[in-house]
Amino acid sequence: MGSAVTTQVLELENYVDGAWRRANASEFAEVTNPATAELLGRTPLSSPADVDAAVRAAAAAFPAWRRTPPGERIQYLFRLKNLLEENIDELARIITTENGKTFAEAKAEMRRSIENVEVACGIPMLMQGYNLEDVTAGVDEMQIRQPLGVVAAIVPFNFPAMVPYWFLPYAIACGNTFILKPSERVPLSMRRAFELLEKTGLPRGVVNLVNGGREVVNALCDHPQVRAISFVGSTPVAKHVYTRSAAGGKRMQCQGGAKNHVIVLPDADMELATQIISDSAFGCAGQRCLAVSVAVTVGDAQKSFRDSIAHAASKIHVGNGLEPGVQMGPVITKESKQRIEGLINAGVAEGAKPLLDGRNTKIPKYEAGNFLTPTVLDGLPSTSQLAHTEIFGPVLSLIHADSVDEAMEFLRRSPYGNQASLFTTSGSAARKFRYEAPAGNIGINIGVAAPMAYFPFSGWKESFFGILHGQGRDAVEFFTESKIVIERWSRQETRKF
Ligand code: NAD
């Protein structure tokens, strides 16, 4: 398989049992460059038979892989880390080409991907259980962790590389075998990743890639040999995967959509707040699940923040993310652009005033691209529908509150709980916020509170379905089953007492 960023249309293949295979597909999804509309490839919408072949390959590989000592399993991940480092620029270019985010953002995404591989290299310690001698005289008890078997991950378009790495390294380091279903809109990053995985010499069947859409997802949910599913995507699909997989008794972690709020207090460092909130709202064209979507200003913060954020957002250079100096790329598809413009219309109809209006943007040389420029909607009523609707585009709404309690009440009404942030210079305000904010990832003077790989990614409410999150120690618990062993070896020891 070719490895360079391709300009020719390519029909993607699946990677099953250590070999690239044509999918059994009659339908294809087009993969286009969001900045240029160039057709990059066709994703096969694989069939349940393709899923079954991958599950059988993964199940066949499992017994030998789980018996491979953890210290040996991680040697493949060390090799993967080195290959990712060596190829980071090429991988970042692929991300930009298929997803649209800037090259710098794509490289940052790769850094976070690599960080997850590094953390999973700690499995020989992270996977250890615990024990206690003499729970009764001469009897010892221990807890050990064992892999589950075949596990699968289903991922979204917005981080074509990083989200798969929230799961893959931990799953295989723990001794499971793995199936990935990438987003059909951005399959090229994982195609290249699997070429690199192949170079690590991993035994066949340990990692498998099945391209496709809804049918593949449903087949994974229904397959009796798939023990666990990790899902990241929109809330309706997260709920669907959660309930459908539950019917088969699977273990699940399903991360859903988001609507993230930041509260700006009058005592905040306004320059810092402006710069960081602007990066959060408009970075990756607002297509981050931790992007700030609503800023709630309290008291006197209203005027100073409104003026400074509109000014900062107006300076953002929008264009093709591969070009130097570009700070914001396009959104993923034409349909996304239309949907986002429709939501801006809805906000205006509900009473918001656009301080900056990114609708109907055309970027010279890239007229066919899916571009919007940053949009700032001032005075969105806190009771409006848009105040609680995920936009997933470069739109920041401003809402005003007379007090912190009023701002917090607004946050509590949000159906989502992925992230909440506060900008302040007051320790007690920060402490109160940390204590009360109804979200799983909290930022204090932070715009994108993305947990490092060694902490779990802790969404709440409609942003997460399950118990154990991705990354960190949660990942190790999710990908292992706990076994308790109680042992007696000596009659004499028992009799003594
Ligand atoms: P999506 O829900 O459309 O797709 C996610 C995955 O589900 C894809 O692999 C897709 O093929 C599959 N899918 C789509 N529709 C399906 C259906 N009807 N039945 C079965 N499978 C289906 O999400 P997206 O547009 O790719 O990604 C954007 C969404 O992901 C946003 O809502 C964003 O907030 C969310 N997201 C959340 C997190 C998080 O950590 N909570 C992280 C990244 C993205």
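The values are calculated or read from the model by the stated rules, or taken from the named source; none is laboratory data. Please read all numbers here as calculations on a predicted model, not as lab measurements. Positions of Cβ are generated from backbone atoms using ideal geometry, with glycine treated the same way; all protein chains shown enter the neighbour counts. Side chains are part of the model used for accessible areas, which takes the heavy atoms of the whole protein and leaves out ligands, DNA and RNA. Shrake-Rupley method; radii C 1.70, N 1.55, O 1.52, S 1.80 Å.
On a 21 Å Cα-Cα criterion, which of the cross-link pairs Lys303/Lys432; Lys353/Lys461; Lys101/Lys362; Lys239/Lys432; Lys259/Lys337; Lys303/Lys337 come out too long? Listed pairs above 21 Å: Lys303/Lys432; Lys353/Lys461; Lys239/Lys432; Lys303/Lys337.
Can you tell me the length gained on complete extension of the stretch Tyr130 to Glu198, counting 0.36 nm per residue apart and subtracting the Cα distance? Write down the numbers at each step before the final one.
Numbers: separation 68, 0.36 × 68 = 24.48 nm, distance 3.47 nm.
Gain in length upon complete extension: 21.0 nm.
Distance between the C-alpha centres of the stretch 285-325 and the stretch 188-258: 34 Å, rounded to the whole angstrom.
Nearest 5 is fine: what % of DSSP beta bridges in the stretch 339-497 come out antiparallel, could you say? Intermediate values should be presented prior to the final figure.
On the way: 7 of 14 bridges.
Taking every DSSP beta bridge with both residues in the stretch 339-497, the antiparallel ones total about 50 percent.
The apolar share of the surface of the stretch 160-246, taken as the fraction of accessible area on carbon and sulfur atoms (1.4 Å probe, ligands and nucleic acids excluded), comes to 52 percent. Over all orientations, the chain has a Cα convex hull whose mean projected area works out to 25.5 square nanometres. Per residue, the chain reaches -11500 deg cm²/dmol at 222 nm when only DSSP H runs of four or more residues are counted, each adding -39500 (n - 2.57).
How compact is the stretch 260-444 by the rule of thumb for globular proteins, expressed as Cα Rg over 2.2 N^0.38 Å?
Details: Rg = 15.8 Å, N = 185, 2.2 N^0.38 = 16.0 Å.
Ratio of Rg to 2.2 N^0.38 Å for the stretch 260-444: 0.99.
Considering only the stretch 260-444, what is the antiparallel percent among its DSSP beta bridges, to the nearest 5? Please list the in-between numbers first.
Numbers: 4 of 26 bridges.
Among the beta bridges of the stretch 260-444, antiparallel pairing accounts for roughly 15 percent.
Within the chain, DSSP assigns beta bridges of which about 45% are antiparallel (rounded to the nearest 5).
Kindly report the accessible area of the stretch 260-444 per residue (heavy atoms of protein chains, probe 1.4 Å, no ligands, DNA or RNA), in Å². Intermediate results must be reported in sequence, preceding the final value.
Values: 7300 Å² over 185 residues.
Accessible area per residue, the stretch 260-444: 39 Å².
Helix 48-67 versus the longest principal axis of the chain: what is the Cα-based angle in degrees, 0 to 90, to the nearest 10? The answer is roughly 50 degrees.
Once the Cα atoms are used to define both axes, helix 88-99 deviates from the longest principal axis of the chain by about 60 degrees.
Per residue, what accessible area does the stretch 105-209 have, given a 1.4 Å probe and all protein chains present, in Å²?
Working: 3070 Å² over 105 residues.
Value returned for the stretch 105-209: 29 Å² of accessible area per residue.
Placing R0 at 25 angstrom, the Cβ-Cβ distance between Asp222 and Thr68 gives a FRET efficiency of 0.30 after rounding to 0.05. Charge dipole of the stretch 260-444 (Cα centre as origin; +1 on each Lys and Arg Cβ, -1 on each Asp and Glu Cβ, all else neutral): 440 debye, rounded to the nearest 20.
Roughly how many percent of the accessible protein surface of the stretch 260-444 is carbon and sulfur, given a 1.4 Å probe and a whole-percent answer?
51 percent
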